[in-house]
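Colleague: Sharing a structure, written as structure tokens. Questions coming.
The values are calculated or read from the model by the stated rules, or taken from the named source; none is laboratory data. These numbers were taken from a predicted model, which means no experiment stands behind them. Please note: Cβ atoms are built from the backbone with ideal geometry, for glycine as well, and neighbour counts cover all protein chains shown. When the accessible area is computed, the model is the full protein with side chains, heavy atoms only, and any ligands, DNA or RNA have been set aside. Shrake-Rupley method; radii C 1.70, N 1.55, O 1.52, S 1.80 Å.
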Amino acid sequence: MRREYPDAPIAGVGAAILRGGDPPSVLLIRRGQEPLKGEWSLPGGAVELGETLEEAVRREVLEETGLAVEPAGIIQAFDRISRDAGGRVRYHYVLVDYLCRVTGGSLACATDALEARWAGLDELDGLTPFTVEVIQKAVQMAAAHI
């Protein structure tokens with residue numbers, strides 16, 4: 001399926017991975033592919049045929065960061081639709097973001113990620129407002145599970 005100018009929406013997943021502390025930090029990757037190429041974001045990507053959402057988030061995080069994770073719950077589901085100057089849909093993703101916890105591995109960016117880093121909650125400048133909102137919800141969700 002074409003990602004750019006698709007015939008139908010593409011299902012995708014994202015992972016908010018928090019590291020303890022007061023306040024906690026969140027794992028960010030610099031995207032190596034469109035959409036959002038070169039921008040910092042949460043790890044994630046498209047769901048493959050025959051793959052569950054949770055399998056997809058585990059695979060994407062491992063591929064992009066070298067970390068094994070376990071999804072702890074859904075933070076939010078939403079549409080990400082980008083249009084070109086003529087109004088045609090250039091990208092359309094239906095995304096599900098998960099709160100995840102690290103279960104193994106070592107941080108090392110790979111595949112579609114140019115860089116990976118832990119960022120404090122005061123270091124989120126430059127992220128899309130929506131990504132910041134998802135991170136804030138993840139922090140609240142994690143605090144409620146403690």
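Colleague: In the stretch 79-100, which residues are in contact (Cβ under 8 Å) with a residue 40 or more places away in the chain and surrounded by fewer than 15 Cβ atoms within 10 Å (Cβ to Cβ)? Quick ask: steps written out before the conclusion?
Modeller: Our first condition is that a residue be in contact (Cβ under 8 Å) with a residue 40 or more places away in the chain; within the stretch 79-100, this holds for 79-80, 82, 88-100.
Selection gives Asp79, Ser82, Arg88, Val89.
Colleague: Kindly indicate the residue of the stretch 1-12 that is among the hydrophobic types (A, V, I, L, M, F, W, C) and not in a strand (DSSP E or B) and also least open to solvent (accessible area, probe 1.4 Å) among those meeting that condition.
Modeller: By that ranking, first place goes to Ala8.
Colleague: Every residue in the stretch 51-80 that is β-branched (Val, Ile, Thr) and either at pLDDT below 95 or under 18 Å from Arg19 (Cα atoms) (or both), please.
Modeller: Val57, Val61, Thr65, Val69, Ile74, Ile75
Colleague: While we're on this one: For the stretch 22-63, give me the residue count where each residue is in a strand (DSSP E or B), open to solvent by less than 30 Å² (accessible area, probe 1.4 Å) and closer than 18 Å to Trp118 by Cα.
Modeller: First, the residues of the stretch 22-63 that are in a strand (DSSP E or B): 25-31, 40-41, 44-46.
Cutting the leftovers down to open to solvent by less than 30 Å² (accessible area, probe 1.4 Å) gives us 25-29, 41, 44-46.
Cutting the leftovers down to closer than 18 Å to Trp118 by Cα gives us 25-29, 41, 44.
Residues flagged as in a strand (DSSP E or B), open to solvent by less than 30 Å² (accessible area, probe 1.4 Å) and closer than 18 Å to Trp118 by Cα within the stretch 22-63 amount to 7.
Colleague: Among (1) over 17 Å from the mean Cα position of the chain (by Cα); (2) surrounded by 13 or more Cβ atoms within 10 Å (Cβ to Cβ); (3) not basic (Lys, Arg), which single condition is Ser106 missing?
Modeller: That leaves (2) as the condition not met.
Colleague: So Ala15 ticks every box in (1) open to solvent by 10 Å² or more (accessible area, probe 1.4 Å); (2) assigned to a strand (DSSP E or B); (3) of a type in the set (A, V, I, L, M, F, W, C) but one. Which box is left unticked?
Modeller: Result: Ala15 fails condition (1) only.
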